[in-house]
Amino acid sequence: MALLRLIFNIAWFVLGGFVMGLAWWLAGILCFISIIGIPFGRACFVIGEMTFWPFGQEQINRRRLTGQDDIGTGAFGTLGNIIWFLLFGFWLALGHIMHAFACFITIIGIPFGIQHLKLAMLSLTPIGQSVVASD
C-alpha cells in the first residue's frame, strides 16, 4: 500500500501537483507580507505541502477532529473564509479545476482529477480545516 501511495504521489507531483503546490506557497508568501495574513500564510504552506504529496493525507474539519470549537471554526473562521475566497480561494480553486479537467481526459488521470477537485473544495474554505494522515 505504501509503495502504491508513493507511485501515485510521484505521478501526481509530475502531472500538476508541483505547479499547484507552488501556487499555494506563492499565496502563503503574499499572506506573510502583511502581519494580519500570517495565519492564512501558515495554512497555505500546510495545504501546499499536502498539494505536493496528497495521497495518504486528507483534510478534516477541526471541530470534527477535536470535538470542540476554536477561533477558526466559529464566526471569525467564516469571516476569514469569505476574505480568503475573495483574495485567493477563487483563483486556487480555478487552477485545481483546470488541472482536474486535464486529468479527466485520460482514464489513468481520473484519480488525480478527483484529488484536484478535493483540493479545489479545500481552497474555497480552508479556515477551520486540518490536514491529517488518512491512515
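Read the figures in this text as sums done on the coordinates, not as results from a lab. Just so it is clear, the model here is predicted, and its values are computed rather than measured. All Cβ positions, glycine included, derive from the backbone under ideal geometry; neighbour counts span all protein chains shown.
A few comments on the model shown:
- Largest GNM mean-square fluctuation across Ile82, Ile71, Ile47, computed for the chain with C-alpha springs under 10 Å, falls on Ile71.
- The chain: equivalent-ellipsoid semi-axes (sqrt of 5 x gyration tensor eigenvalues, Cα, Å): 25, 17, 13
- Cβ-Cβ FRET estimate between Val14 and Phe90, R0 fixed at 25 Å, reported to 0.05: 0.45
- Taking other C-beta atoms within 10 angstrom as a stand-in for reagent exposure, Arg64, Arg5 fall in the order Arg64, Arg5, fewest first.
- Förster radius 30 Å - calculated FRET efficiency between Leu4 and Leu26 (Cβ-Cβ, nearest 0.05): 0.50
- Folded to 0 to 90 degrees: helix 38-52 orientation relative to the chain principal axis, Cα: 10 degrees
- Label point distance in nm, Gln68-Arg42, each placed 7 Å from Cα along Cα→Cβ: 1.7 nm
- The helix-only estimate of mean residue ellipticity at 222 nm for the chain, built from DSSP H runs of length n ≥ 4 each weighted as -39500 (n - 2.57), is -20000 deg cm²/dmol after division by the residue total.
- Karplus-based coupling profile of segment 96-113, in residue order and whole Hz: 5, 5, 5, 5, 4, 4, 5, 6, 5, 5, 9, 5, 5, x, 4, x, 6, x, with θ = phi - 60° in 6.51 cos²θ - 1.76 cosθ + 1.60 and x standing for Gly or Pro.
- FRET efficiency, 1/(1 + (r/R0)^6) with R0 25 Å, evaluated for Ser34 and Leu124 via beta carbons: 0.75
- With the simple model of a label 7 Å out from the Cα in the direction of the Cβ, Ile60 to Phe101 spans 3.4 nm.
- Rounded to whole Å, the principal axis extents of the Cα atoms in segment 69-135 read 42, 32, 10, largest first.
- GNM result for the chain, Cα springs below 10 Å: residue of Gly77, Gly89, Gly67 fluctuating most strongly: Gly67
- Relative contact order, percent, the chain [alpha-carbon distance under 8 Å, six or more residues apart]: 29 percent
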